[in-house]
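Inspection log for the structure reproduced underneath, given as structure tokens.
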Amino acid sequence: MTQLRVLIVDDEPLARARLQRQLVGIDSCTAVGEAGDIEAALIQVEVLDPDLVLLDIEMPGGSGLQLAQQLSLRDCPPAIIFCTAHDEFALPAFTTSAVGYLLKPVSVEQLRQAVAKVQCLSKPQQKLLQEVGESRGRSRIKAVSRLGVELLEVEAIRCLIADSKYVVAHHPAGETILDESLKELESEFGERFVRVHRSALVAVQFIVGLRRDGGNYRVELDGVAQAPLVSRRMLPSVKAMITEIC
């Protein structure tokens, strides 16, 4: 397997050094450079063209979230794993199509698992992320509840499950009930989601595998505890897709 070329972006020298040491113990990747601020990071990305950026959020010259958005506009954007001490930015971070969000101090095993997900991120998935970023469709879905109106970022949704007369969107912050049909959502966001069951759509970019569950199969998603069921009719096409992307 080809090694991932990694750029480390953090304004703290000790934090960069720690990540450098940890990467030495991960055979699937190698550190090719580092940067301590947004401007330097942009230059390094142009020069080094890394496969992966380990990115802090709060830094001089701008936010890591802003940098991730800028990088997503590149023809071949690098994968992003946020490494930060701030847990409150998790949901906004995943709207940038980040592959991972690790809280400092990051352990070697946490980093290894996050890097493994990047290794599984195929060219079709990378192309999907780019196409979705260029899409002119809605980026947020409005959900009305007894607490008021919630605007849910489409990029944060892991899966959409139809339940009786409504659809439940599963995302890192929990679950949100949507007043739209699964058919309508599939029609609008079909480039991002794939149908695995008559009552389930899953986000392609968050697929991490397929596992047996008794006589059934379930598709495993990053950030979702309960893996959605795959119907027998959809199983062949789901297996073929997962073979291609992982």
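The values are calculated or read from the model by the stated rules, or taken from the named source; none is laboratory data. A quick note: this is a predicted structure, and the numbers were derived from the prediction, not measured. Cβ: placed from backbone, ideal geometry, glycine included. Neighbour counts: every protein chain shown.
Taking the criterion of being at positive phi and assigned to a loop (DSSP other than H, G, I, E, B), would at least one residue in the range 168-184 satisfy it?
Within the range 168-184, none of the residues are at positive phi and assigned to a loop (DSSP other than H, G, I, E, B).
Please identify the pairs in which a residue from the range 170-194 that is over 22 Å from Ser237 (Cα atoms) has its Cβ atom under 7 Å from the Cβ atom of a residue that is of a type in the set (S, T, N, Q), counting only partners at least 6 apart or on another chain.
If the second residue must be of a type in the set (S, T, N, Q), the pairs left are Ile177/Ser145.
Any idea how many residues of the range 40-60 are more than 13 Å from Phe82 (Cα to Cα) and out of contact with any Pro (no Cβ under 9 Å at 6 or more places or on another chain)? Break it down stepwise before answering.
Let us first name the residues in the range 40-60 that are more than 13 Å from Phe82 (Cα to Cα), namely 40-51, 60.
Still in the running and out of contact with any Pro (no Cβ under 9 Å at 6 or more places or on another chain): 40-43, 46-48, 60.
Adding up the residues that qualify gives 8.
Right, Ser63: at pLDDT below 90 and in the same structural domain as Ala98 (by TED's automatic domain parsing) or not?
On the way: at pLDDT below 90: no; in the same structural domain as Ala98 (by TED's automatic domain parsing): yes.
Spelling it out, it is not the case that Ser63 is at pLDDT below 90 and in the same structural domain as Ala98 (by TED's automatic domain parsing).
For the range 48-63, does any single residue satisfy the condition of being under 19 Å from Leu4 (Cβ atoms) and of a type in the set (Gly, Ala, Ser)? First the steps, then the outcome.
Step one: list which residues in the range 48-63 are under 19 Å from Leu4 (Cβ atoms), which gives 48-56.
Those left that are additionally of a type in the set (Gly, Ala, Ser): none.
No: the range 48-63 contains no residue that is under 19 Å from Leu4 (Cβ atoms) and of a type in the set (Gly, Ala, Ser).
Quick one: in the range 3-39, which of the residues that are free of Cβ contacts under 8 Å to residues at least 12 places away in the same chain and of a type in the set (A, V, I, L, M, F, W, C) is surrounded by the fewest Cβ atoms within 10 Å (Cβ to Cβ)?
Leu14
In the range 138-167, which residues are farther than 24 Å from Ser72 by Cβ, part of a loop (DSSP other than H, G, I, E, B) and modelled with pLDDT of 75 or more?
Result: Ser164, Lys165.
Assess whether Ser135 counts as being modelled with pLDDT of 80 or more and polar (S, T, N, Q). Outline the logic, then answer.
Values: modelled with pLDDT of 80 or more: no; polar (S, T, N, Q): yes.
Criteria not met by Ser135.
Farther than 18 Å from Asp222 by Cβ, surrounded by fewer than 18 Cβ atoms within 10 Å (Cβ to Cβ) and in contact with a helix residue (DSSP H, G or I) (Cβ under 6 Å, 6 or more places away or on another chain): does that describe Val47?
Values: farther than 18 Å from Asp222 by Cβ: yes; surrounded by fewer than 18 Cβ atoms within 10 Å (Cβ to Cβ): yes; in contact with a helix residue (DSSP H, G or I) (Cβ under 6 Å, 6 or more places away or on another chain): no.
Judged against the criteria, Val47 is not a match.
Would you pick out the residues in the range 230-246 that are over 12 Å from Arg195 (Cβ atoms) and touching a residue at least 24 places away in the same chain (Cβ under 8 Å)?
Within the range 230-246, Lys239, Ile242, Glu244, Ile245, Cys246 meet the criteria.
Scanning for something surrounded by fewer than 12 Cβ atoms within 10 Å (Cβ to Cβ), over 19 Å from the mean Cα position of the chain (by Cα) and farther than 20 Å from Val224 by Cβ, does the range 165-177 turn up at least one residue? Don't jump to the end; show me each part of the working.
Pass one, the range 165-177, residues surrounded by fewer than 12 Cβ atoms within 10 Å (Cβ to Cβ): 165, 174-175.
Going one step further and asking which of them are over 19 Å from the mean Cα position of the chain (by Cα), we end up with 165.
Subsequent filtering for residues that are farther than 20 Å from Val224 by Cβ retains 165.
The answer is yes, given that some residue of the range 165-177 is surrounded by fewer than 12 Cβ atoms within 10 Å (Cβ to Cβ), over 19 Å from the mean Cα position of the chain (by Cα) and farther than 20 Å from Val224 by Cβ.
In this structure, is Val6 among the β-branched types (Val, Ile, Thr) and over 13 Å from Val115 (Cβ atoms)?
no
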